[in-house]
Amino acid sequence: MKNISRRKFTKILGCGCAFSMTSCSYNPINKRSQLNIVPDSIIKHMSDEYYYEFLSDNDLVKDKKLVKKVREIGRRIEIGIEKYFEKENRLNEYKKYQYDYEINVVKDKRTINAFAMPTAKIVFYSRIFDFANNEDEIATIMGHEMGHVVAWHSKERMSHAVALEFVSSATGGIIGSGSALSEIGYFLPFSRFQETEADELGLRFMTLAGYKPESSVSFWINLKNYSEKLEKYKSKHDLGAKFLRNLPQVLRTHPITENRIKNLNRLIPQVKMEYI
Ligand SMILES: [Zn+2]
């Protein structure tokens, strides 16, 4: 869900000028060309640095049963991904990338979230399990996160951030700084596009892994109900800021719009017809 922190983006922006600005690459999974101007070695270095720092700063959940279950779901989704590529006749192409998935659960009673690193390291915050009522709903989160990984979303976002910084310095600040542009909305539609793509891929992967596709909708409805409950209690004063502060991270990075649920509902019959 959350891909990589702004701090890390800012850090990579600092290295932006050194890169060639002309590279695009074709991603076999989403069959679209993506901006790819940040070398894989830098992405790996940054991701590892962030990931291991994050793990050392947070307590891992000790409930072996839960961790085992979550990792098993991850393994099943991996098989779902392989089936997806097999059906698309691109399994060899997928295998070329040798994703080394690693799944961890950190103890956190307040943060409702999960995130994926481009290096296929996936982290769940324990609080999210209060909203995922069964394995199928956990598989929804897992499919979505793995969707971000295989569709190279972090790589794409980083490349766009570097490109923005380049445009910004080239125009001498007329357009505004890259960071400001990203804040005023450049990334908003872009992120929503990626979110939709991760939802769709996740739905396909979980269905191929044998999970109930309808659980993708029920999971988002659980979060939507919670967000509506929170909204009811928001203060009449300082309304927007206070609500945003209290809004769980997952809802800030994953706005639960009617469209999100509508889109999944629209796709479910199609996916069932294709895969079941
Ligand atoms: Zn996401």
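The values are calculated or read from the model by the stated rules, or taken from the named source; none is laboratory data. Since the structure is predicted, the reported quantities are computational estimates derived from the model, not experimental observations. All Cβ positions, even for glycine, are placed from backbone atoms using ideal geometry, and neighbour counts span all protein chains on display.
Miscellaneous remarks
- Of all residues making up region 25-69, the number that are surrounded by fewer than 17 Cβ atoms within 10 Å (Cβ to Cβ) and among the hydroxyl-bearing types (Ser, Thr, Tyr): 6
- Answer from 109, 69 - the residue that is at pLDDT below 95, away from the ligand (no atom under 16 Å from the Cβ) and among the charged types (D, E, K, R): 109
- Checking each residue in region 194-213 for being under 15 Å from residue 260 (Cβ atoms), assigned to a helix (DSSP H, G or I) and not hydroxyl-bearing (Ser, Thr, Tyr) picks out 194, 195, 197, 198, 199, 200, 201, 202, 203.
Here's the yes/no breakdown for (1) closer than 22 Å to residue 194 by Cα; (2) within 16 Å of the ligand (Cβ to nearest atom); (3) out of contact with any strand residue (DSSP E or B) (no Cβ under 7 Å at 6 or more places or on another chain):
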residue: 119; (1), (2), (3): yes, no, yes
residue: 129; (1), (2), (3): no, no, yes
residue: 133; (1), (2), (3): no, no, yes
residue: 139; (1), (2), (3): yes, yes, yes
residue: 147; (1), (2), (3): yes, yes, yes
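- Consider region 100-118 and keep the residues that are within 16 Å of residue 48 (Cα to Cα) and under 16 Å from the mean Cα position of the chain (by Cα). The one that is surrounded by the most Cβ atoms within 10 Å (Cβ to Cβ) is 116.
- Test for residue 86: is it modelled with pLDDT of 95 or more and closer than 23 Å to residue 150 by Cα: yes
- Test: residue in region 89-101 that is more than 18 Å from residue 148 (Cβ to Cβ), modelled with pLDDT under 85 and among the aliphatic types (A, V, I, L, M): no
- Only a single item in (1) in contact (Cβ under 8 Å) with a residue 24 or more places away in the chain; (2) surrounded by fewer than 19 Cβ atoms within 10 Å (Cβ to Cβ) is not met by residue 219, and it is number (2).
- Taking region 119-133 as the range and being crowded, with 18+ Cβ neighbours inside 10 Å and either modelled with pLDDT under 90 or in a helix (DSSP H, G or I) (or both) as the test, the residues that pass are 126, 127, 128, 129.
- Unmet criterion (only one of (1) buried (at least 16 other Cβ atoms within 10 Å of the Cβ); (2) in contact with a helix residue (DSSP H, G or I) (Cβ under 6 Å, 6 or more places away or on another chain); (3) modelled with pLDDT under 90) for residue 156: (2)
- Residue check, residue 72 closer than 17 Å to residue 145 by Cβ, exposed (fewer than 15 other Cβ atoms within 10 Å of the Cβ) and of a type outside the set (A, V, I, L, M): yes
- Per-region count, region 200-215, residues within 16 Å of the ligand (Cβ to nearest atom) and either modelled with pLDDT under 95 or over 14 Å from the mean Cα position of the chain (by Cα) (or both): 3
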